[in-house]
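The values are calculated or read from the model by the stated rules, or taken from the named source; none is laboratory data. Computed from a predicted structure; not experimentally measured. Counting neighbours? That spans all protein chains shown, and the Cβs are built from the backbone with ideal geometry, glycine included. Note: accessible area is taken over every heavy atom of the protein model, side chains too, but ligands, DNA and RNA are not part of it. Shrake-Rupley method; radii C 1.70, N 1.55, O 1.52, S 1.80 Å.
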Amino acid sequence: MDVLAEVLRVSGARGALGVVVEAGGSWGLWWDAAPGAVLHVVSRGTVWLHTTGQRPLQVRAGDGVLAPPGTAHGIAGAASVTMGSCDREAAARAMGDGRALRLGSEPAHTEVIVLHYEQDPEVSTPVLTSLARPTHVTAGQNAQFSRAVELLAAELAEPRLGTTAAINSIVDLLLVQFVRAWLARHPEERSTSWLGALRDPVVRDALAHVHARPEHPWTTQSLAAATSVSRATLTRHFRSALGQTPGAYVTRWRLDLAAVRLRDTDEPVESISGAVGYASPHAFSRAFRRARGTAPGEYRARLRPPG
């Protein structure tokens, strides 16, 4: 079971091309805190990433830097430069015309591809928010990341039949490659981070069982047996890696699955309750109300008002 792939699929962690920035001379662009993550990929030249309270970070051609959700930040042509707010209307026009957003007064010698990533707000299992601060991946650290960057730049430089579909796929691929690079580079960031927890073999194996069969009547004891550890060991590892018990994680994931199905399908509540591991609709409704503050039927009605 590829736990990362499954959680990215269910959580709707999807990316989209924001804008291509071509800049020269003195220039800077600032983004206020936004709900989604932002990935800046430098395809040509060098930029500096600015975040409040941190020293500017130099990002060279072939590098990428991911700013987690809610991170106010800017990119600029120098470590010391005055940055203006992103002109979203100009960016939208550039995207609509298929042109780059031009910045600075001199000929462009820098190109930055800006990508946006968001997660389904109805899914509480964190993925993007596990990245606690802007993370930099250099061209020499991950060959697959570098190849994906080159492929994206080539598609943007010469649009052809199927380019839109190709770009969408590459954008999602870049997120996976970035997460892999982050996991390899930050072995110290394990505690209470969902991504960091994947480094713990006990937790990773347990998550694989839960995500492969969420409908199974898991208990801490049965999950420990499936993972070939004691109940105490499993609980200790979950508390250390995720800050919660195995049972709490199972409940959270089941209800995430249920929330997506309530919103996106017409399945009866009784069917959904069984599919996510509850013995009765009553038990499912009680758990759902406790976690989401509303009954499943009311939740569905709120998210899917009659047309």
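Selection over segment 256-290 of residues that are of a type in the set (A, V, I, L, M, F, W, C), free of Cβ contacts under 8 Å to residues at least 60 places away in the same chain, surrounded by 15 or more Cβ atoms within 10 Å (Cβ to Cβ) and under 24 Å from His209 (Cβ atoms) gives a count of 5.
Per this entry, Ser11 is not counted among residues that are at pLDDT below 90, open to solvent by 20 Å² or more (accessible area, probe 1.4 Å) and not β-branched (Val, Ile, Thr). When restricted to residues that are in a strand (DSSP E or B) and either open to solvent by less than 10 Å² (accessible area, probe 1.4 Å) or under 19 Å from Ala34 (Cα atoms) (or both), segment 54-68 contains 5.
Yes or no, residue by residue, for (1) in contact with a strand residue (DSSP E or B) (Cβ under 6 Å, 6 or more places away or on another chain); (2) assigned to a helix (DSSP H, G or I); (3) modelled with pLDDT of 95 or more; (4) not acidic (Asp, Glu):
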residue: Arg199; (1), (2), (3), (4): no, no, no, yes
residue: Val210; (1), (2), (3), (4): no, yes, yes, yes
residue: His216; (1), (2), (3), (4): no, no, yes, yes
residue: Val229; (1), (2), (3), (4): no, no, yes, yes
residue: Thr233; (1), (2), (3), (4): no, yes, yes, yes
residue: Ala241; (1), (2), (3), (4): no, yes, no, yes
residue: Gln244; (1), (2), (3), (4): no, no, no, yes
residue: Val250; (1), (2), (3), (4): no, yes, yes, yes
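Taken together, the criteria place Thr294 among residues that are outside any helix (DSSP H, G or I), of a type in the set (Val, Ile, Thr) and either free of Cβ contacts under 8 Å to residues at least 24 places away in the same chain or open to solvent by less than 70 Å² (accessible area, probe 1.4 Å) (or both). Applying the criterion of at least 1 residues that are closer than 30 Å to Leu242 by Cβ and of a type in the set (Ser, Thr, Tyr) to the strands (runs of 3 or more DSSP E) found wholly in segment 69-168 leaves 110-118, 135-137. Among all positions in segment 292-303, there is at least one residue which is within 19 Å of Pro126 (Cα to Cα) and either within 26 Å of the chain's Cα centre (by Cα) or not aromatic (Phe, Trp, Tyr) (or both). Taking residues in segment 67-85 that are in contact (Cβ under 8 Å) with a residue 40 or more places away in the chain, and partners anywhere that are of a type in the set (Val, Ile, Thr) and surrounded by fewer than 17 Cβ atoms within 10 Å (Cβ to Cβ), the pairs with Cβ atoms closer than 7 Å and at least 6 places apart or on different chains are Pro68/Thr129; Pro69/Thr129; Thr71/Thr51; Ala72/Thr52; His73/Thr51.
For Gly196, state whether it is small (Gly, Ala, Ser), buried (at least 21 other Cβ atoms within 10 Å of the Cβ) and closer than 28 Å to Ala301 by Cα.
no
Of all residues in segment 218-227, exactly one satisfies the criterion of being assigned to a loop (DSSP other than H, G, I, E, B) and among the hydroxyl-bearing types (Ser, Thr, Tyr), namely Thr219.
Would you say Arg180 is among the charged types (D, E, K, R), modelled with pLDDT under 85 and in contact with a Leu (Cβ under 9 Å, 6 or more places away or on another chain)? Judged against the criteria, Arg180 is a match.
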